[in-house]
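Working notes for the structure below.
The values are calculated or read from the model by the stated rules, or taken from the named source; none is laboratory data. If you're wondering where the values come from, they're calculated on a predicted model, not measured in any experiment. With ideal geometry, Cβ positions are generated from the backbone for all residues, glycine too; neighbour counts draw on all protein chains shown. Ligands, DNA and RNA are stripped out before the accessible areas are found, and what is left, the full protein with its side chains, is counted by its heavy atoms. Shrake-Rupley method; radii C 1.70, N 1.55, O 1.52, S 1.80 Å.
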Amino acid sequence: MDKRMSSEELLNSFWEALHSNHIFVVYQPKMNHSTGRMIGAEALMRWKDPENGMQYPSDFIPLLEHHDLIRFADLHVFEEVCRFQRKCLDEGISTVPISFNMSRYDIYHSDYVEQIEAMRCKYDIPVNLLHVEITESSAIGGMELVSSVLEKLHGFGYIVEMDDFGSGYSSLNVLKDLAVDVIKLDMRFLSGNKGNVGDRGGTIISAIVQMTKWLGTPVVAEGVETMQQADYMKSIGCSYIQGYLYSKPVTAEEFVEKLRQIDHEPVEKVLDLISTMDAGKFWNPESLETLIFNHYVGGAAIFTYQDGRMEILRVNQKYIKEIAMHTTEAEILQSDPWEVFDEENRQVYENTLRLAMESGEEESCDTWRIICSRICGKDKICVRSFIRMIGKAGSQAIFYAMVQNVTAEKKRYEILRDSELRFRYASEQINVYAWEYEIATKRMRPCFRCMRDLGLPPLLENYPDSAIEMGIFPPEIADEYRDWIRRLEAGEDSIEGVLPLTVGRVPFIVRYTLERDETGKPLKAYGSAALVIDPEETK
Ligand code: C2E
Ligand code: CA
Ligand code: CA
């Protein structure tokens, strides 16, 4: 019979327990539910007191943490794992990566990572056979500390798994800041009642899985007890499973047996970063990811939106090239995305987000932003965004946006509109009628004065016949005028002559100037008609 020891008893027997291997390690396999192969295992600490029997980790681990003893126990576990892997390597037992738990109290000791690394070197274990599990709550002490530990671990080559993901409420934001390699999603936090992942829990899980896939981070679902849960996870694209369904944690000897019996395979990233997306890596051709990938044209960003707050989680290289003007991804992620919008443009963008949430379809908008960068200085750019919601958890929605910098296009349009306006104002000022004839379409656009005095619509199709029909060019000069137009179409640069216009046969000096496109092809002809004031001119 196991008897629960008091805190005092546990603390008193700690060192003895450590040195006599009363504190030891059990192993729980991590499986690929799609293939039935083993992808790894987790090392879990156990304490079996010779008199009182098994003690609960939930009792002694918080106690050891509280008394700053956990690092000794954790290092002991790590050494056991190293010994285990050494034995497998020596005896030719094909093994898998084994993860060990790193308490957030270990992190507070600046040399803990070096201690681990020294131990690994002592046993000469390839670093890919040892994964680190850190919990999301490690970030409680401040992001800088965890980030620096993570950097150190990565520097030595360790794969880092984020444990108990989803237990904290700001999970998505933590992910953005911590570059972990694997995410462990605990079903026990997320699936309300046991085995039932249908409702709220299910929605959150699928949104998280969907997003982590975009981030390119593999997910291991842990605490999976039923086939239903495992199948559900597989159905949303997460086949890596750890839990009682496959195996309870087992002793080292039992685990060796499992290693011998079960085939292994490495963990595959669904995709690397978005910047290195590779269609071949998409596991499901029907998936949203594939769909979006196929529509993929350039810059892309993933961001969350909740109650007016927007947070960018990832941008790809093309995004930076397209619209970020040489700022870095880190700078973009740190900044408040709304900073670059003015009130009007922000409203346009938020409306589009709401629309995308309601429709579930891709929605688009053009918004102006003011970007400041060290390299390019301050500039105003126009961004066309195609936005699609890819997941929703409560009031938090996750979006995928493709962006295009359309500043040049917009500016061209504005210049055109400006020159058109100026042209119209100018012809207002002098006594001139002006129009523009587009050769390819046979369309004529008259100035305001023409519309007012001659009753022309803003656009005349089938020019010049339409104007001839209206009597602006009387019948006796119709053929001559048609010939003018033909000459312009053939490339004559300018034509000038006096023509009697309208039913009143009022003499006008009519001038044409041709505009060509960049290849030299006639594009437009600008026409003007000025009243002949001095009758001498008509001779
Ligand atoms: P954890 O890191 O989340 O470990 C997974 C826990 O879930 C283990 O509990 C495991 O036995 C349990 N588990 C696995 N599959 C299932 C399942 O299908 N259903 C249920 N209900 N539970 C399942 P355990 O061994 O009691 O450990 C509890 C916690 O203690 C661990 O949670 C971890 O936070 C901590 N811990 C365990 N070993 C170590 C260690 O070596 N160092 C440190 N710092 N903490 C450890
Ligand atoms: Ca763990
Ligand atoms: Ca866990």
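Observations
- For Glu515, the conditions (1) within 60 Å of the chain's Cα centre (by Cα); (2) exposed (fewer than 11 other Cβ atoms within 10 Å of the Cβ) all hold with the exception of (2).
- Subset of the stretch 15-35 that is assigned to a helix (DSSP H, G or I) and more than 14 Å from ligand 1 (Cβ to nearest atom) - its residue that is most open to solvent (accessible area, probe 1.4 Å): His19
- If the condition is being closer than 16 Å to Val506 by Cα and touching a residue at least 40 places away in the same chain (Cβ under 8 Å), then the stretch 439-456 contributes only Leu454.
- Within the stretch 36-75, being open to solvent by less than 20 Å² (accessible area, probe 1.4 Å), of a type in the set (A, V, I, L, M) and outside any helix (DSSP H, G or I) holds for Met38, Ile39, Ala41, Ala43, Met45.
- Answer residue from the stretch 113-128, given it is in a helix (DSSP H, G or I) and crowded, with 21+ Cβ neighbours inside 10 Å and is nearest to the chain's Cα centre (by Cα) among those: Val113
- Listed conditions (1) in a helix (DSSP H, G or I); (2) within 28 Å of the chain's Cα centre (by Cα); (3) modelled with pLDDT of 90 or more are all met by Ile140, apart from (3).
- Helices (runs of 4 or more DSSP H) contained entirely in the stretch 192-261, each with at least 2 residues that are open to solvent by less than 60 Å² (accessible area, probe 1.4 Å) and at pLDDT 95 or above: 252-261
- Total residues in the stretch 424-460, condition at pLDDT 85 or above and under 47 Å from the mean Cα position of the chain (by Cα): 12
- Unmet criterion (only one of (1) assigned to a helix (DSSP H, G or I); (2) of a type outside the set (Asp, Glu); (3) more than 16 Å from ligand 1 (Cβ to nearest atom)) for Ser110: (1)
- Within the stretch 90-107, tally of residues that are touching a helix residue (DSSP H, G or I) at 6+ places or on another chain (Cβ under 8 Å), assigned to a helix (DSSP H, G or I) and more than 13 Å from Val132 (Cα to Cα): 1
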